[in-house]
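The values are calculated or read from the model by the stated rules, or taken from the named source; none is laboratory data. On a predicted model such as this, the values are computed, not experimentally measured, just so you know. Positions of Cβ are backbone-derived with ideal geometry, glycine not excepted, and every protein chain shown enters the neighbour counts.
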């Protein structure tokens, strides 16, 4: 729990690290801007209630130590605020909290005593993650006034209304800004989360309370995906009792796959909506997005905000996308296919060697090409990821959401082809189900071993000394210095990408290798514990991300499920059992396969349309709150209009 000092300020929440060689006038200017008072505490929600709002609402910024003490970097600062400032900040951000009647409502400072668990001055009402998110918002919304450049740096231009923090970050003057870990709360979370083997579910509310909704939704999806795999895993174990060489049995598994991948995604939408409503992010209004720190352009006026800021013509961005990025992606896809053909040549060489001398050693050689190819796939994915990030940055997207969407699209297209092209070729060109099963098993097992080594064992081994210190009672100064040198958590992108690829292996081809679901369940259980350990011990604490869903990844999984329907229908059409019904006409078989595939696609979209994404009781509660908000707004306007006229008359 956060401690509150006698003057009403909370314990340090956020660390701001400037470059060691930052000029003194720059430091003095930035600290002055961070500490200066806000007008009447920020948002004035009612003219008659101004007396209820705090008058002194500045941030408290203290250096970590004196310049003599801080030999490494003297420009390290701890930032916090008073509880009143944090509460008004919660109102500015539109945080939803539980009302006394049990509903989730947007927090308002005036009605603060009507919210559940608000006692006294509100100490403990906001979680530490929410407080840190508010501090981050306050810092990022510090805007230039009449400054034309950052003091001491003539090349770092500032424009009226431009975010100061983002300019400092883009010019590498501010090198870090991160929230502090809370040792006591972290110990409690670690014990509930990963320090004991348990059969119960993850403590999602505790994860959300400490890390925020975005990360909690990732772990919720990881847990949900693992639980959803259990029926497939049990069915796969049952299939182990049958003759593996008789591939006619995969037809039932393929049909089960078709239903499974559709149903679990629809149910996840409802599960996600329930969690988001419970956490207060489902109906929260989206905060206006500021330009990315790396965005650049010619100075102009934003037609939406009216502020003076850099503008970049959209046609130039489109030219970069279609004339440079797109050809580069196509070239990478071609190289991926070329590497795949080399793999098949190696596979042919191994088969030829085994046919000449069928011994145990030559049989082992049959798996070597697949292992090498799986390793090459991981290396190519990693190299391409860096190239995709560079290209997307070069495209100069103004908003972070646009940047993420273009990056996800580039990475997904390449990873999909790189990981699944060989499986499609074996299944539908070579039509060799024995080789398909062997290749799928090799790719799946090898990629899981590599990922577990890179994500769990290697980070633990490299930082095993720091792991112990994270849970020890050490002075605040030592804790801050230690956290400065910890790795920065780069978000859930790579985590969702890994789950996306595993979902692809399962939904597309697990019918010919039913044990794939068993392997993925074991991998996901390990992933839960390793990810939990990393978040609590290896990374800086990330800022809370008040997400309402898994974003663009939901569309990615939906697209994969559509491809899975086509793939599994084609596999069913290739089955000898089905072919026996069409002994004389391949065309009739193809037409029936296409007709059934289209019927299943239609069924999928009908189910998606008929099954609401949000449960009925939540929709009713949201509609009730919208109605009450409209009624309250009408009454407020009717009440405030004559008051404003009277106040204006008194001033005259």
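Tabulated results
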item	result
Candidate set: the range 1-46, residues that are in a strand (DSSP E or B) and at pLDDT 90 or above; chosen: the one surrounded by the most Cβ atoms within 10 Å (Cβ to Cβ)	14
Residue 506 being modelled with pLDDT of 90 or more, closer than 30 Å to residue 429 by Cα and surrounded by fewer than 21 Cβ atoms within 10 Å (Cβ to Cβ)	no
Only listed residue being within 30 Å of residue 513 (Cα to Cα) and either in the same structural domain as residue 560 (by TED's automatic domain parsing) or not in a helix (DSSP H, G or I) (or both), chosen from 315, 338	338
Matching residues, the range 535-565, being farther than 24 Å from residue 403 by Cβ and touching a helix residue (DSSP H, G or I) at 6+ places or on another chain (Cβ under 6 Å)	536, 537, 538, 561, 564, 565
Verdict on residue 537 being surrounded by 21 or more Cβ atoms within 10 Å (Cβ to Cβ), modelled with pLDDT under 90, in the same structural domain as residue 216 (by TED's automatic domain parsing) and within 30 Å of residue 461 (Cα to Cα)	yes
Residue list for the range 104-122, filter: within 22 Å of residue 630 (Cα to Cα) and in contact with a helix residue (DSSP H, G or I) (Cβ under 6 Å, 6 or more places away or on another chain)	107, 108, 109, 110
Candidate set from the range 347-364 (those that are within 13 Å of residue 438 (Cα to Cα) and at pLDDT below 80); member that is surrounded by the most Cβ atoms within 10 Å (Cβ to Cβ)	363
Criterion (touching a helix residue (DSSP H, G or I) at 6+ places or on another chain (Cβ under 8 Å), modelled with pLDDT of 90 or more and under 26 Å from residue 522 (Cα atoms)) met by exactly one of 421, 441	421
Elements of type strands (runs of 3 or more DSSP E) contained in the range 47-149, each with 1 or more residues being closer than 30 Å to residue 30 by Cβ, modelled with pLDDT of 85 or more and touching a strand residue (DSSP E or B) at 6+ places or on another chain (Cβ under 8 Å)	59-63, 76-81
Residues within the range 348-378 that are outside any helix (DSSP H, G or I) and in contact with a helix residue (DSSP H, G or I) (Cβ under 8 Å, 6 or more places away or on another chain), tallied	2
Residue 205 vs. criteria assigned by TED's automatic domain parsing to the domain that holds residue 517, loosely packed, with under 14 Cβ neighbours inside 10 Å and modelled with pLDDT of 90 or more	yes
Qualifying residue in the range 200-220 (condition: free of Cβ contacts under 8 Å to residues at least 24 places away in the same chain, in contact with a helix residue (DSSP H, G or I) (Cβ under 9 Å, 6 or more places away or on another chain) and not in a helix (DSSP H, G or I))	yes
Residue match in the range 398-420 (condition: assigned by TED's automatic domain parsing to the domain that holds residue 320, in a helix (DSSP H, G or I), in contact (Cβ under 8 Å) with a residue 12 or more places away in the chain and more than 23 Å from residue 495 (Cα to Cα))	no
Residue match in the range 269-277 (condition: modelled with pLDDT under 75, surrounded by 14 or more Cβ atoms within 10 Å (Cβ to Cβ) and not in a loop (DSSP other than H, G, I, E, B))	no
Failed item in (1) under 30 Å from residue 627 (Cα atoms); (2) surrounded by 19 or more Cβ atoms within 10 Å (Cβ to Cβ); (3) touching a helix residue (DSSP H, G or I) at 6+ places or on another chain (Cβ under 7 Å); (4) without any contact (Cβ under 8 Å) to a residue 60 or more places away in the chain, with residue 125 passing the rest	(3)
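One line per residue, one yes/no per condition, for (1) surrounded by 21 or more Cβ atoms within 10 Å (Cβ to Cβ); (2) modelled with pLDDT under 75; (3) outside the structural domain of residue 207 (by TED's automatic domain parsing):
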position	(1), (2), (3)
220	yes, no, no
226	no, no, no
232	yes, no, no
238	no, no, no
246	no, yes, no
255	no, no, no
258	yes, no, no
261	yes, no, no
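For (1) modelled with pLDDT of 85 or more; (2) within 23 Å of residue 79 (Cα to Cα), each residue gets a yes or a no:
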| residue | (1), (2) |
| --- | --- |
| 462 | no, no |
| 473 | no, yes |
| 483 | yes, yes |
| 515 | yes, no |
| 544 | yes, yes |
